[in-house]
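Any read-out appearing in this document is the output of simple, stated calculations on the displayed coordinates, not a laboratory observation. Just so we're clear, the structure is a prediction, and the values are computed from it rather than from any experiment. In this analysis, Cβ positions are derived from the backbone assuming ideal geometry, glycine residues included, and neighbour counts consider all displayed protein chains.
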């Protein structure tokens, strides 16, 4: 995608906008052979709550459309986001690293 509309990796990095309305998020979508899908998002900070804190959202969607979601706040002192690039594989790597321990119950 490099070169398309002057896109650079920095466009996907954190933008460090210093206003009370600022928030950003990065996400990963997964589609599984059994019909389940998931969305995993890292919010830095969470734009839907006050105070603005980092959070991780995991949504699992069953083939019948049931939404099983969890939103967990994260310790702001232990979180970071690069201004240079988005580590696009990071959320996918977390999911794959835990794939043997993740079970969806219907």
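In this simple spin-label model, placing a label point 7 Å from the Cα along the Cα-to-Cβ direction at both residue 67 and residue 27 gives a separation of 1.0 nm.
Here each label is just a point 7 Å from Cα along the line to Cβ, and for residue 84 and residue 20 those points are 3.5 nm apart.
Taking 0.36 nm per residue of separation and subtracting the current Cα-Cα distance, fully stretching the chain between residue 74 and residue 36 would add 11.1 nm.
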